[in-house]
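The values are calculated or read from the model by the stated rules, or taken from the named source; none is laboratory data. Keep in mind it's a predicted model, so treat the numbers as computed, not measured. So basically every Cβ, Gly included, is an ideal-geometry build from the backbone, and we count neighbours across all protein chains shown. Each accessible area value is taken on the protein alone, full model and side chains, heavy atoms only, with ligands, DNA and RNA left out. Shrake-Rupley method; radii C 1.70, N 1.55, O 1.52, S 1.80 Å.
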Amino acid sequence: MMVRAIEWLNGKLRILDQSKLPREQIFADLDNYRDVVLAIREMRVRGAPAIGVAAAYGIALGASGIETANKDEFLAQLQQVMQAFAASRPTAVNLFQAIERMKKAARGDGVAEIKNSLVNEAKRIHQEEVTATKQLSQLGAGLIKDGFTLLTHCNAGPLATAGYGTALGVIKAAKDQGKRVSVFVTETRPLLQGARLTTWELRQEGIPVTLITDSMAGYFMQQRKIDCVIVGADRIAANGYTANKIGTYTLAVLANAHGIPFYVAAPTTTIDLSLTSGYQIPIEERSPEEVTHIQGVAIAPEGIDVANPAFDITPNQYISAIITERGIIRAPYTEGLKEMGSRFL
Ligand code: MRU
């Protein structure tokens, strides 16, 4: 693993502050669950699987800070901790899957036992994401041919997963299989996860990377410079419609228009079979300053109206395959995802 984005160390949560990368590599030791909620909201920890893992550890941290020895009182306070995490970011379903797992793990004869069980469950959730992202990367690498140039959007590497990565994991696994690969990375406005984080991670892996602005993708597809697009996901509905970083839908339509395969790579913790349609996925609206400012510098007239949806939905007809740790799913997605659900989830 290239970098430990999230680590449980001596009863505290150590995170690598992703908002400071690549200029500064700053680790923060969080000993209070409110700081973890804030780190998720402010995207110092970000990426769907990483948010789930951070929330699980954050809940364990919140539990350890509850002082009562009365089990009912403890469980009532724990419920509030979980609610704070549920309200931190709405789109990535990994967060809610992790909260559900932690709820179920809150069992034991006494408070001390429950606290212990929560730490162990958070560690399990983390380890499972590491294993799942590694497995899906190896499976997905089979879709990548020697000499491919891939295009990816946002950041779906170890930072975003607290594991091996999803889209970037597939690219890295292809390289490890001896394939020559290179990557076009879209900068990913407004918060520049592509420019700041994906280029940083790929460079550390020694994978050739070309940074482009979001608006250049169509040009390079038309020039036949892109062999496939691969992205991560924040939530995949039962019909395969996929929420991912804003701009993903545009890339999927462009890829379709140019006959370029478009792959989504995600662990099954990103699948939400409770939603029949992707259009039911809640889309986070973030602050206008993320659009009017770049790294604190104003780039737009003061007081201008701004829209800032953080994610969009890609309909399933634009998705060539969904790569998970349990297999690669192709259309018809409703059937494929349901079968996977009944078999494994
Ligand atoms: O707002 P972010 O940076 O948390 O959004 C992240 C993404 O959209 C990623 O592409 C997605 O979570 C996949 S991470 C493996």
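For the set Thr213, Thr186, the ranking by accessible area, highest first and with no ligand, DNA or RNA atoms included, is Thr213, Thr186 under a 1.4 Å probe. Helical runs (DSSP H, four residues minimum) scored at -39500 (n - 2.57) apiece and divided by the length of the chain put the mean residue ellipticity at 222 nm at -12500 deg cm²/dmol.
How high is the FRET efficiency from Asn70 to Ile304, r the C-beta distance, R0 45 Å, rounded to 0.05?
So, using R0 = 45 Å, E works out to roughly 0.30.
Entry comment: accessible area of segment 19-91 is 43 Å² per residue, from protein heavy atoms only and a probe of 1.4 Å. The simple spin-label model puts a point 7 Å past each Cα toward its Cβ; for Glu284 and Glu339 those points are separated by 3.4 nm.
Taking the Cα centroid of segment 1-42 and of segment 204-272, what is the distance between the two, rounded to the nearest whole Å? Comparing the Cα centres of segment 1-42 and segment 204-272, I get a distance of 27 Å. With a 1.4 Å probe rolled over the protein heavy atoms of all chains, the accessible area of Tyr249, Tyr333 falls in the order Tyr249, Tyr333, largest first.
For the chain, with a Gaussian network of springs between Cα atoms less than 10 Å apart, report the residue from Gln295, Gln127, Gln135 with the top mean-square fluctuation. Maximum fluctuation in the GNM of the chain, among the listed residues, is at Gln295. Proximity of backbone amide H atoms, modeled 1.01 Å from N, is registered between Glu284 and Thr91, Ala310, Phe311 at under 5 Å, excluding neighbours fewer than 5 places apart on the same chain. Among the trypsin sites (Lys or Arg not before Pro) in segment 54-154, those located in a DSSP loop and surrounded by at most 15 other Cβ atoms within 10 Å of their own Cβ are Arg107, Lys145. The slack in the chain from Gln223 to Lys103, taken as 0.36 nm per residue of separation less the alpha-carbon distance, amounts to 38.1 nm. The calculated pair-distance distribution of the chain uses every alpha carbon pair, bins of 20 angstrom beginning at 0, and gives 32, 58, 10, 0 percent.
Between Gln83 and Asn10, the distance separating the two model label sites (each 7 Å from Cα on the Cα→Cβ line) works out to 3.4 nm.
If you stretched the chain out fully between Ser215 and Thr131, how much longer would it get, using 0.36 nm times the residue separation minus the C-alpha to C-alpha distance?
Additional length available on full extension: 26.8 nm.
Between Ser19 and Lys145, the contour length at 0.36 nm per residue exceeds the Cα-Cα span by 42.0 nm. Here is the list for segment 253-316: GluC sites (Glu not before Pro) lying in DSSP coil, each with at most 10 other C-beta atoms within 10 angstrom of its C-beta, are Glu302.
Ordered from largest to smallest accessible area (heavy atoms of protein chains, 1.4 Å probe), the residues Val297, Val170 come out as Val297, Val170. Relative to the dominant Cα principal axis of the chain, helix 48-64 is inclined by about 10°.
Taking the chain as a Gaussian network, where each spring joins two C-alpha atoms under 10 Å apart, which residue of Leu13, Leu38, Leu192 fluctuates the most? Top of the fluctuation ranking is Leu38.
If you run the Gaussian network model on the chain, springs between alpha carbon atoms under 10 Å, then out of Leu139, Leu118, Leu75 the most flexible one is Leu75.
Measuring between alpha carbons in the structure, the pairs from Lys20/Lys225; Lys225/Lys245; Lys20/Lys115; Lys71/Lys123; Lys20/Lys179 lying more than 27 angstrom apart are Lys20/Lys225; Lys20/Lys115; Lys20/Lys179.
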